[in-house]
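For reference, the structure is listed below as C-alpha cells.
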Amino acid sequence: PNWCPGCGHYGVQAAITDAVVAKNIPPEKLAVISGIGCSSRIGGYFYAYGAHTTHGRALPYAQGVKLANQDLEVIAFSGDGDAFAIGMGHTIHAFKRNVNMT
C-alpha cells in the first residue's frame, strides 16, 4: 500500500485486514465499498468484491449490497467529507436502518 507519511489509513487497513483474517472470511464472502477521497483507496488493497461509489454514497450502496446478498460481509469505508458532509443524510439513515454491516 502507498499512503502518505503519517497517514492513519494504513492502521485502519491493517486492523480491518487482521479482523477479516481472524474471522476467516473468504474473498467470495466479502464486499468492500468505498466513496471518494483517500479512504476510498483502501478497497483496492482487499481481495474481495468491491465498488468505488460517488461522493457521499458509500453507505447507501453498501446497504443495498447487504440487503441484496445477506451472506456477504460488507465493509464500507468513508472519509469525513464522504460520510459527514455530503453524505450526512445517508449516515443518519444508515444508523436508523441498522443494516448488519461494518
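Just so you know, all these numbers are worked out from the coordinates, no wet-lab data involved. Every value quoted in this text rests on a predicted model; they were computed, and no experiment measured them. Cβ sites come from the backbone with ideal geometry, for glycine too, and all protein chains shown count toward neighbours.
Once the Cβ-Cβ distance of Ala19 and Arg97 is raised to the sixth power relative to R0 = 25 Å, the FRET efficiency obtained is 0.65. When each of the peptides 47-55, 91-99 is scored by how many other beta carbons lie within 10 Å of its residues on average, the order from highest to lowest is 47-55, 91-99. Annotation: aspartates and glutamates with alpha-carbon distance below 18 angstrom to Lys23 (same-chain offsets under eight excluded): Asp71, Glu73.
Once Rg and the Kirkwood radius are both taken over the C-alpha atoms of the chain, their ratio Rg/Rh works out to 0.95. The local environment of Leu72, defined by Cβ-Cβ distances under 14 Å, has a net charge of 0 under the rule Lys, Arg +1 and Asp, Glu -1.
Positive contributions from Lys and Arg (+1) and negative ones from Asp and Glu (-1), summed over other residues with Cβ under 12 Å from the Cβ of Val20, come out at 0.
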